[in-house]
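The values are calculated or read from the model by the stated rules, or taken from the named source; none is laboratory data. If you're wondering where the values come from, they're calculated on a predicted model, not measured in any experiment. Backbone-built Cβ (ideal geometry, glycine too); neighbour counts: all protein chains shown. Only protein heavy atoms, including side chains, enter the accessible area calculation; ligands, DNA and RNA are left aside. Shrake-Rupley method; radii C 1.70, N 1.55, O 1.52, S 1.80 Å.
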Amino acid sequence: MNNIFLKKSIANPETVILRPFFYTKPSVRASVLGQIFLLFLQLAALFLTKSYSALLVIGCAVLATIASEFVNIKKYKRHHDSLAICIAQGLFVGMFLPESFPLLAVFCITFFTFVIIKNAFVSFSGTWANPVAVTVAIAYFTASSYFPVFLFDRPMIETVNIGSYLYQNEILTPLPIDFSLTTLVNEKFFNKFGISLPIGYLTLLIDNGSIIPAFRFNLLTIVSSIILFSLDMITAIIPIASILTYLLFVKVIGFFVLGGQMLQGDMFLALCTSGVAFCSLFVLTWYGTIPYTTSGRLFYGILCGVVFYVIVGCAFSASGCMFSVLIANVLSPFIQMIENRRINKDVSKMMEVCNAK
């Protein structure tokens, strides 16, 4: 819910204000429209890179979410979701599906999943069943062969810099502009601090070439987060806490459980190839699925970061983010229950003080 306060006119006490309430932050609809606009930047990047198959998958997902809304309108004779919310959720689903996923399967899985969830929860959100995460999870179980699989071998795990290893062994291919751009950035900035950025890391930031669109344009995701945070369209506590916690575990533990070295995790590689940044920004913070107090959101974000590390790992997880969201959403009601008890306790104390006076 948006925080509101009574707007008083002190210029003329006799002035009658017909709209006495004033929003201190954007409404849900305005926030969703802002997210859609920022996602269109990613769609434009897909178009410019000629990723037409990915655009078709995203388009099918959007059509499916809109179609599911019309089914619910006909049944309940009222809107459950606004069109903007349907479009946003469809975009999220399509962004997390591989571009090679069959279009008919995309439409059917998305449509039936959203119809069932909307009928089950009678609203656009459910505390433990984020429809976007459920849809992608079902798609993974239905046709996991379309999702990319990346296996870490022993030399890769034992190396100090996994990112450089991947590029040196041509497992990943840098963009043509990466060589000149990396040299320029090193000369103008990093060399002043006695460090240098390896070739290929700017490719991870600009376009890592993943067949899952949500993983590709990390620079656009970072820009989107700055805009959404600055305009207060989404809560910043949860994404920041979850990402920092995830990166801390990647750096400290890394591949230690698989035979790697402690304190040698590649945080940049993990952030740019796992989808954690996009997921934390657009999916994890979805309305109705998160705690509502500052302390509750901070704890929830840290908890999500731990879950991200356990499920997603250090990089290249095709669907780990969605399963992490589902696990986090199961835990969210327990945090909200503690919040309710704490609030009720504070209210009771205030009532006792008022009654005593």
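Looking only at the range 177-195, count every residue that is modelled with pLDDT of 90 or more and either under 15 Å from LEU269 (Cα atoms) or not β-branched (Val, Ile, Thr) (or both) and tell me the total.
Residues that pass the stated criteria total 7.
Has the range 232-255 got any residue that is open to solvent by 60 Å² or more (accessible area, probe 1.4 Å), closer than 25 Å to VAL149 by Cα and of a type in the set (D, E, K, R)?
yes
Going through ILE311, ILE343 one at a time, which residue ends up being in a helix (DSSP H, G or I) and at pLDDT 90 or above? Break it down stepwise before answering.
Details: ILE343 fails: at pLDDT 90 or above.
On inspection, the qualifying residue turns out to be ILE311.
Among the residues of the range 304-357, count how many are of a type in the set (Asp, Glu) and in contact with a Ser or Thr (Cβ under 6 Å, 6 or more places away or on another chain). Spell out the reasoning first.
Pass one, the range 304-357, residues of a type in the set (Asp, Glu): 339, 346, 352.
From what is left, the residues that are in contact with a Ser or Thr (Cβ under 6 Å, 6 or more places away or on another chain) are 339.
Result for the range 304-357: 1.
A quick yes/no check of all residues on (1) modelled with pLDDT of 95 or more; (2) part of a helix (DSSP H, G or I); (3) farther than 14 Å from GLN35 by Cα:
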residue: LEU197; (1), (2), (3): no, no, yes
residue: LEU202; (1), (2), (3): no, yes, yes
residue: GLY209; (1), (2), (3): no, no, yes
residue: ILE222; (1), (2), (3): yes, yes, no
residue: SER225; (1), (2), (3): yes, yes, no
residue: ASP232; (1), (2), (3): no, no, no
residue: SER242; (1), (2), (3): yes, yes, yes
residue: VAL257; (1), (2), (3): no, yes, yes
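Scanning the range 144-172 for residues that are among the hydroxyl-bearing types (Ser, Thr, Tyr) and at pLDDT 90 or above, which turns out surrounded by the most Cβ atoms within 10 Å (Cβ to Cβ)? Explain how you work it out, then say what you get.
Within the range 144-172, the first condition is being among the hydroxyl-bearing types (Ser, Thr, Tyr), and the residues that meet it are 144-146, 159, 164-165, 167.
Then drop every residue that is not at pLDDT 90 or above, which leaves 144-146.
On the way: SER144: 11, SER145: 7, TYR146: 17.
My answer is TYR146.
Checking the condition closer than 21 Å to GLY34 by Cα, out of contact with any His (no Cβ under 9 Å at 6 or more places or on another chain) and β-branched (Val, Ile, Thr), which residue from ILE238, ILE253 passes?
On the way: ILE253 fails: closer than 21 Å to GLY34 by Cα.
ILE238 is the lone residue from the list that is closer than 21 Å to GLY34 by Cα, out of contact with any His (no Cβ under 9 Å at 6 or more places or on another chain) and β-branched (Val, Ile, Thr).
Mind checking which residues of the range 145-162 are without any contact (Cβ under 8 Å) to a residue 40 or more places away in the chain and assigned to a helix (DSSP H, G or I)?
In the first step, residues of the range 145-162 are kept if they are without any contact (Cβ under 8 Å) to a residue 40 or more places away in the chain; the result is 145, 151, 153, 155-156, 159.
Listed by number, the residues that qualify are SER145, PRO155, MET156.
Tally the residues that are modelled with pLDDT under 80, of a type outside the set (A, V, I, L, M, F, W, C) and open to solvent by 10 Å² or more (accessible area, probe 1.4 Å), restricting the search to the range 58-88.
Here is the first cut: in the range 58-88, the residues modelled with pLDDT under 80 are 72-82.
Subset that is of a type outside the set (A, V, I, L, M, F, W, C): 72, 74-82.
Subset that is open to solvent by 10 Å² or more (accessible area, probe 1.4 Å): 74-80, 82.
Summing the residues that are modelled with pLDDT under 80, of a type outside the set (A, V, I, L, M, F, W, C) and open to solvent by 10 Å² or more (accessible area, probe 1.4 Å) in the range 58-88 gives 8.
Could you please give the count of residues in the range 259-270 that are open to solvent by 40 Å² or more (accessible area, probe 1.4 Å) and in a helix (DSSP H, G or I)?
Number satisfying all stated conditions: 2.
Any residue at all in the range 324-337 that's outside any helix (DSSP H, G or I) and buried (at least 22 other Cβ atoms within 10 Å of the Cβ)? Steps first, answer last, please.
Kept after step one, since they are outside any helix (DSSP H, G or I), are these residues of the range 324-337: none.
The answer is no, given that none of the residues of the range 324-337 is outside any helix (DSSP H, G or I) and buried (at least 22 other Cβ atoms within 10 Å of the Cβ).
Name the residues in the range 37-57 that are in contact (Cβ under 8 Å) with a residue 24 or more places away in the chain and either surrounded by fewer than 17 Cβ atoms within 10 Å (Cβ to Cβ) or not aliphatic (A, V, I, L, M) (or both), would you?
Correct list: LEU41, GLN42, THR49, SER51, SER53, LEU56.
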